Each structure stands twice: as structure tokens, then as C-alpha cells.
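The values are calculated or read from the model by the stated rules, or taken from the named source; none is laboratory data. Remember, it's a predicted structure, so these values are computed and weren't measured experimentally. Neighbour counts run over all protein chains shown; Cβ positions are idealised from the backbone, glycine included. Each accessible area value is taken on the protein alone, full model and side chains, heavy atoms only, with ligands, DNA and RNA left out. Shrake-Rupley method; radii C 1.70, N 1.55, O 1.52, S 1.80 Å.
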Amino acid sequence: MEADWIWGLGGGLLIGLGGAVFLLGNGRIMGASGILGGLLDGSGRSNAAERIAFIGGVVLVPFLIALSTGHAPDTRVTSNAAVLIGAGLLVGIGTRIANGCTSGHGVCGISRLSLRGIAATAVFMLAGILTLAVLRQILGVI
Amino acid sequence: MLRILLALFAGGLFGTGLMFSGMTDTAKVQGWLDIFGIWDPTLAFVMGGALLPMALAWRLTQGRRPAAGGSFPAPPHTELDRRLVLGSVLFGAGWGLAGLCPGPAMASLSYNGWQGMLFFAAMACGMLAAPRLSRHLDRAVANA
């Protein structure tokens, strides 16, 4: 679709606004894996309430939009359970070991010119590119 | 209370942005990474759009305090360690495999079917296992 980039840019601005509110309001870095992971492993117990509120907003607002418009975006997600479990484990373990994901290292890290954020983003993008190259283009399994 | 409301508002903006930007569409995310296939540049626009307000926000932190109290994050560390690289390799592989990362996995929970829930459950298990795996990793490195 030709309009994809406009939706991408507009949606991206909202993502950045969310990060700006979280930073200027609460003084916190908006990293999805850190907010969720810290809640799960107990390392974020001291500010669990704001973590739960943030996640509540992330999950519930799209739900309410889908409910009120009667339309949810197509996710085209795989139905291969083994791929979903393997990918989920890798994402969960990897983001916690690296201490960040696309939002924390990518959006929040790059925007403050953090060397770690820039390096992490380069590495996980390259790993993703390699995964697609091998598993889709060479082996044709995903 | 203000902290809770601001967190809820920030989360709502983040989730809405992920939903509208197309980043909960796994085919678009995998399309960005599939540079040898039918490449999809949308993610670059999303990232560009997100970096603008964030770069401005970092600038505005100078000489100020967070609206709800406390203090701003310390300046970023500069050392690139093994954890950062190894963790990002694992994360990138999983991201490419299913086209989902933590933010979109949460934002699409309500409309991504059993597949989204299974991915989320596996991701949560991985996050719970990570601290232990990380300690093993440190010990292995120390003994090497």
C-alpha cells in the first residue's frame, strides 16, 4: 500500500510521544522489555504500580480502539507453534540479557546518541536480517 | 497517582502508535529485515517518527526535573560488553523468526489470536529465565 509510510510515520510519532511523556513525566526510559521483565522477575518491585499502568495502557488502548472501530489490524502472524515458542523464548531471554529491545535501545537509546543503544540496535537488526536470509531466502522454512 | 496516570497515558500512546504504524503486522516487520526478499521500508519511517519527539524530550531534560518528581536517568554507559552483544543476537534472531518484539507483542495481545498469546507466554518465560542464564554466563566466562 502507498500510504504505509504515512501510517508508519504517524504511528512512530505517537510512539515517540509516549516515550517523551514517560521520560519528562516520570523520569523513566520507555523500554518495553525492561518494564515488563522487571515486573516479572521482581527487580522492578519498587515501582511495580507504574509498570502495571504502562502495560495496561499498551494492551488496553489498542483493544478499546479495535473494539470501538470494529476493526483490528491484520497481524499475519505465523501459526507454527514451535516457531512462536522458540521466537518468544529468544526475544525474552535476549532482551533481558542485553537490557533492552527496540523501544529501549532503539527509540530511547539512539535518540540520546547512546553508544550501547546504537550498537545493540545494529546487532539485533543484523541478527534479524541474517535470520530472514537463512531461514526464508535460503532454507525457505519461515 | 500522577505517576500512574502518566504511565498509563504513555503506555496508551505507545500501544496506539504501534497499532497504527503497522508494527504489529509481523509481515511488515519481517519485510524490513528481509533485505534479500521483498523489502518493506515502513519500519524506517516508524523509527524516524519516534526518534523526533524523543530527541526533543532528551533535550528538554537538561536543567529540569521530571514532572512527577524523582530524577532523570543517568547518562548512558559507554562500554560495549558481551551481554549487550550476545543478548542482542538472541533477541534479533527471535525477532526475525516471528516478526514480534516486546512492545508490539503487548500492543497486539487483544487481536493477535492464540498465536500472540503463545508468543507472549514464551517471551515471559524467557524473561523469567534470563537472570539465571545470565549468572551462568558470567560464571562460565569467569572460569574460562
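Here is how the numbers come out for the structure above:
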{"read-out": "Cα centroid separation - the stretch B:1-71 against the stretch B:75-144, whole Å", "value": "19"}
{"read-out": "Euclidean distance of C-alpha centroids, the stretch A:103-142 and the stretch A:7-49, integer Å", "value": "20"}
{"read-out": "Net charge contributed by nearby residues that have their C-beta within less than 12 Å of B:A44 (K/R +1, D/E -1)", "value": "-1"}
{"read-out": "Those trypsin sites (Lys or Arg not before Pro) in the stretch A:75-142 that DSSP places in a loop and that have at most 16 other beta carbons within 10 Å", "value": "A:R76"}
{"read-out": "Cα pair distances exceeding 16 angstrom across the stretch A:77-142, given as percent", "value": "55"}
{"read-out": "With every protein chain in place, chain A: carbon and sulfur % of accessible area (1.4 Å)", "value": "70"}
{"read-out": "Portion, in percent, of the accessible area of the stretch B:61-144 that falls on carbon or sulfur, probe 1.4 Å", "value": "61"}
{"read-out": "Axial C-alpha extent at least 15 Å, average Kyte-Doolittle at least 1.0 - helices from chain B (DSSP)", "value": "B:2-21, B:42-60, B:82-98"}
{"read-out": "Along principal axes, Cα extents of the stretch B:9-55, largest first, whole Å", "value": "38, 21, 11"}
{"read-out": "Chain A - Rg over Rh from alpha carbon coordinates, Kirkwood radius", "value": "0.98"}
{"read-out": "Interface size A-B, as summed buried accessible area [1.4 Å probe, Å², nearest 100]", "value": "9000"}
{"read-out": "For the stretch B:72-144, the spread of Cα positions along each principal axis, largest first, Å", "value": "44, 32, 21"}
{"read-out": "Per-selection Kirkwood Rh - the protein assembly as shown (Cα, Å, 1 d.p.)", "value": "18.5"}
{"read-out": "Kirkwood-type radius of the stretch B:11-144, with distances r between different C-alpha atoms, in Å", "value": "17.7"}
{"read-out": "Accessible surface, per residue, of chain A when the full set of protein chains is kept, probe 1.4 Å, Å²", "value": "42"}
